[in-house]
């Protein structure tokens with residue numbers, strides 16, 4: 001028999017941490033990796049400096065006409081002068097304040113959420129906001145001039161389409177996911193048929209159907225706003241994908257959770273909404289945000305049914321005879337705007353994941 | 001009142017597909033009685049107690065709990081589940097809710113209690129099981145034994161007349177078994193009706209009024225703990241006791 005003394009913790013040996021160690025471990029750990037690292041650096045060197053030179057060093061930022069763009073670099077004057085078009089499309093200039101108020105209110109609402117605890121109040125405020133935003137953008141109420149949807153465009157249209165698509169497809173997707181997971185055969189098969197049908201059809205087809213084929217079935221003289229039709233199409237399309245993602249989340253919940261919820265006496269809807277869905281959504285966050293990012297990018301397809309979103313604005317503004325051939329600047333700018341929105345959403349999803357992680361100590 | 005049956009199971013038969021999992025189960029449980037059910041795995045003991053609060057449906061026979069017929073009827077099932085609580089092998093706490101919210105969920109949503117009252121009740125029961133200081137933590141931050149005690153407190157919150165335990169200590173590390181059994185012994189001494197599926201024979205000897213041995217979907221033998229362990233009659237029970245008590 002033996003009894004051992006308790007051992008004290010020691011400092012880790014030198015050379016196992018620090019930047020030199022990190023470089024050695026991650027970039028130069030073997031001859032192959034060293035070669036790849038050097039090739040990678042060379043590649044970046046051949047791409048980044050010329051781009052910076054074009055976009056910044058040699059670029060023109062000032063002035064108000066093409067004549068000022070004398071350098072070899074980008075002519076950001078174009079973007080600056082056409083900013084209103086990129087942002088608001090053909091929205092009447094004297095009414096743009098309404099959109100700006102809407103954005104201001106949105107920032108205010110989000111900021112106020114930091115101080116509000118009650119979820120019910122938050123939902124109320126959010127619903128109120130959607131109503132106010134709709135009135136502000138669309139007009140026709142409270143003495144605001146009605147702006148028809150064919151005047152909407154640019155980033156504003158992109159955001160309207162994406163936001164409505166996301167907000168409306170979410171609850172529909174949840175219901176369909178519940179339906180697909182339910183034991184009732186008719187509800188289940190209806191939901192499966194819906195999902196499989198929508199997923200078998202490209203978004204472009206659905207947009208064409210909603211804008212061209214659908215009106216053929218309406219009675220003569222009955223018109224339906226083109227944007228509204230596109231929104232319905234996109235929402236129904238997205239709902240199928242949201243449903244499948246949430247179904248994946250639902251499947252990750254153990255049967256014990258259902259049984260425990262049953263055993264404490266919750267009804268079906270209480271069980272699903274209070275116990276199962278919160279856990280399923282937590283699992284589904286990364287995929288859901290991924291789907292919403294794709295949706296934001298897919299909104300550019302509305303161009304084909306004659307709606308002019310942010311991307312479409314590049315072609316329209318560069319067709320101006322004063323600014324012919326400015327597509328490059330336009331596309332780079334639009335790329336940056338899309339990237340900023342998508343990156344923001346992706347960061348937000350990471351924040352949500354952390355927030356809902358209840359496994360940490 | 002003393003001898004009234006709170007649970008009456010008559011000719012209960014259940015099949016999973018073609019597999020006959022429960023065969024003619026007859027069992028009456030008196031108010032305040034402590035029943036321990038044991039038997040080899042696959043003998044149908046869990047399935048039987050899960051039928052009592054209708055987590056499992058059955059094809060033949062009848063179960064009456066506290067005057068409520070256990071049948072496929074939303075209202076009856078609802079009042080049944082307000083009366084019968086269940087503690088699971090794997091605790092089945094809700095990982096997205098704090099300990100306190102786990103306990104108050106059902107009182108707030110099912111019994112429509114004000115949040116303040118529900119929280120007070122929850123804290124009272126957490127105190128009883130000795131984890132009031134963990135009320136704001138999440139289930140996964142607790143040890144298995146603590147989680148199971150929370151699960152017991154959760155089931156107590158609706159002040160049930162009948163408590164079902166489905167192998168409450170089988171998923172626990174050995175050093176945590178006794179903390180859970182201590183709580184269960186206390187409950188037993190309070191006079192609540194309990195049916196425990198467990199292999200903790202010490203617990204059975206200490207508190208059970210009757211011990212039931214099930215095998216292959218049947219009740220093979222039932223007796224007082226003393227007789228059950230000292231004078232087992234059937235060969236299957238003798239073999240079973242040999243196997244679990246030989247170490």
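The values are calculated or read from the model by the stated rules, or taken from the named source; none is laboratory data. No experiment lies behind these values; they were computed from the predicted model shown. So basically every Cβ, Gly included, is an ideal-geometry build from the backbone, and we count neighbours across all protein chains shown.
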Given the conditions (1) facing another protein chain (nearest Cβ under 9 Å); (2) surrounded by fewer than 20 Cβ atoms within 10 Å (Cβ to Cβ); (3) part of a helix (DSSP H, G or I), report the number of the one that residue B:89 does not fulfil.
(3)
Scanning the stretch A:327-361 for residues that are part of a loop (DSSP other than H, G, I, E, B) and surrounded by 14 or more Cβ atoms within 10 Å (Cβ to Cβ), which turns out nearest to the other protein chains (Cβ to nearest Cβ)?
A:358
Test each condition in (1) touching a residue at least 24 places away in the same chain (Cβ under 8 Å); (2) at the interface with chain A (Cβ under 8 Å from one of its Cβ atoms) for residue B:100 and report the one that comes out false.
(2)
Being free of Cβ contacts under 8 Å to residues at least 24 places away in the same chain, touching a helix residue (DSSP H, G or I) at 6+ places or on another chain (Cβ under 9 Å), under 12 Å from residue B:34 (Cβ atoms) and surrounded by 14 or more Cβ atoms within 10 Å (Cβ to Cβ), is that true of even one residue in the stretch B:199-206?
yes
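For every residue, the table says whether it meets (1) away from every other protein chain (no Cβ under 14 Å); (2) at pLDDT 90 or above; (3) not in a helix (DSSP H, G or I).
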| site | (1), (2), (3) |
| --- | --- |
| A:222 | yes, no, yes |
| A:228 | yes, no, no |
| A:239 | yes, yes, no |
| A:246 | yes, yes, no |
| A:253 | no, yes, yes |
| A:258 | no, yes, no |
| A:266 | no, yes, yes |
Expected output for the stretch A:30-51 (first residue assigned by TED's automatic domain parsing to the domain that holds residue A:336, partner surrounded by 11 or more Cβ atoms within 10 Å (Cβ to Cβ), Cβ below 6 Å, 6+ apart or cross-chain) is none
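One line per residue, one yes/no per condition, for (1) touching a strand residue (DSSP E or B) at 6+ places or on another chain (Cβ under 9 Å); (2) closer than 23 Å to residue A:151 by Cβ:
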residue	(1), (2)
A:282	no, no
A:285	no, no
A:292	no, no
A:302	yes, yes
A:314	no, yes
A:323	yes, yes
A:336	no, no
A:345	no, no
A:354	no, no
For the stretch B:60-77, give me each residue that is in contact (Cβ under 8 Å) with a residue 12 or more places away in the chain and either within 11 Å of chain A (Cβ to nearest Cβ) or assigned to a helix (DSSP H, G or I) (or both).
B:77
Name the one entry in A:201, A:195 that is at pLDDT 90 or above and assigned to a loop (DSSP other than H, G, I, E, B).
A:201
Which numbered condition trips up residue A:279, out of (1) more than 8 Å from chain B (Cβ to nearest Cβ); (2) in contact (Cβ under 8 Å) with a residue 12 or more places away in the chain; (3) closer than 28 Å to residue B:156 by Cβ?
(1)
Conditions (1) touching a strand residue (DSSP E or B) at 6+ places or on another chain (Cβ under 7 Å); (2) farther than 15 Å from residue B:211 by Cα: number failed by residue B:18:
(1)
Select from the stretch A:1-38 the residues that are part of a helix (DSSP H, G or I) and surrounded by 10 or more Cβ atoms within 10 Å (Cβ to Cβ) and list them in ascending order.
A:21, A:22, A:23, A:24, A:25, A:26, A:33, A:34, A:35, A:36, A:37, A:38
Residues of the stretch B:94-109 classified as in contact with a helix residue (DSSP H, G or I) (Cβ under 7 Å, 6 or more places away or on another chain) and closer than 17 Å to residue B:82 by Cα, total
7
